[in-house]
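Input: a single structure, listed below in structure tokens.
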Amino acid sequence: MTKLKRLKNKIPLPIRLFLGKALLLFIIWEIVYNLFIHDSAFPQQFLTNHVGQFSVLALNSLGNMTEFTNHNTILTSTYSGDAINEFYSEIYHHDKKILNIANACNGLELMVLYIGFIICMPSKFWRKVKYIILGLIVLDAINILRCVGLIYLREYYHNYFDFAHHYLFKAVIYATSFLIWYIFARKISLNHENLQNG
């Protein structure tokens, strides 16, 4: 027990505060997500539909690419004897289904992770608000562009779809999030005294 206390005291106070806030936010998010948000109309289905609609809008605005549409559907599957309803925004091109955008692909988890990091870092309230709003807009736009890219590859360059879906576009989204975090964190100066005495 004494070794743990000594180890804890070696960790600077600002880092302990950050980790404590992060753990608390993670627990709160998991409870709220599993009890209220997992299959909810808002924000889950709203965000999934939003990504589908704006992906179609972007595709239909690109030169000669037209007649993309999206339709929302709920598919029921059975898992361990329980019926599970999954909401999808389905993208069609000339009445042929190209892509399913599921709730897991709507960017909500990454947005919450991004917000959590900003909240846990020591900074002024309005600076945090500014970075949260701007960051969410950027992450949402990047996610829509990711879906546009996936739909385009699925329709015209099918061989590259799996690599882009599983690796390339995920790397782009996470790199964008880390870049915004870096820009936010580089102007934060931790109190030198806290680092020494923490």
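The values are calculated or read from the model by the stated rules, or taken from the named source; none is laboratory data. Quantities reported herein were computed from a predicted structural model and do not represent experimental measurements. All Cβ positions, even for glycine, are placed from backbone atoms using ideal geometry, and neighbour counts span all protein chains on display.
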Check your understanding: Name the residues in segment 79-101 that are touching a Ser or Thr at 6+ places or on another chain (Cβ under 9 Å), exposed (fewer than 13 other Cβ atoms within 10 Å of the Cβ) and closer than 23 Å to Gln45 by Cβ, would you?
Key -> Ala83, Ile84, Asn85
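Yes/no matrix, rows are residues, columns are (1) at pLDDT below 90; (2) among the aromatic types (Phe, Trp, Tyr):
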{"position": "Asn72", "(1), (2)": "no, no"}
{"position": "Thr78", "(1), (2)": "yes, no"}
{"position": "Ala83", "(1), (2)": "yes, no"}
{"position": "Tyr92", "(1), (2)": "no, yes"}
{"position": "Ile98", "(1), (2)": "no, no"}
{"position": "Ile101", "(1), (2)": "no, no"}
{"position": "Cys105", "(1), (2)": "no, no"}
{"position": "Leu113", "(1), (2)": "no, no"}
Point to revise | Evaluation of Ser123 against (1) part of a helix (DSSP H, G or I); (2) in contact with a Phe, Trp or Tyr (Cβ under 9 Å, 6 or more places away or on another chain); (3) surrounded by fewer than 17 Cβ atoms within 10 Å (Cβ to Cβ) (one fails), failing number | key: (1)
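Given Leu168, Leu136, which one is touching a residue at least 24 places away in the same chain (Cβ under 8 Å), hydrophobic (A, V, I, L, M, F, W, C), part of a helix (DSSP H, G or I) and surrounded by 13 or more Cβ atoms within 10 Å (Cβ to Cβ)?
Values: Leu168 fails: touching a residue at least 24 places away in the same chain (Cβ under 8 Å).
The conditions single out Leu136.
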Point to revise | Positions within segment 36-78 being among the aliphatic types (A, V, I, L, M), buried (at least 16 other Cβ atoms within 10 Å of the Cβ) and part of a helix (DSSP H, G or I), in sequence order | key: Leu47, Val51, Val56, Ala58, Leu59
**Study point:** Among the candidates Lys10, Lys3, Lys97, Lys21, residue that is under 23 Å from Ile142 (Cα atoms) and of a type in the set (Lys, Arg)
**Key:** Lys97
**Study point:** In segment 20-36, the residues that are free of Cβ contacts under 8 Å to residues at least 24 places away in the same chain and hydrophobic (A, V, I, L, M, F, W, C)
**Key:** Leu23, Leu24, Ile27, Ile28, Ile31, Val32, Leu35, Phe36
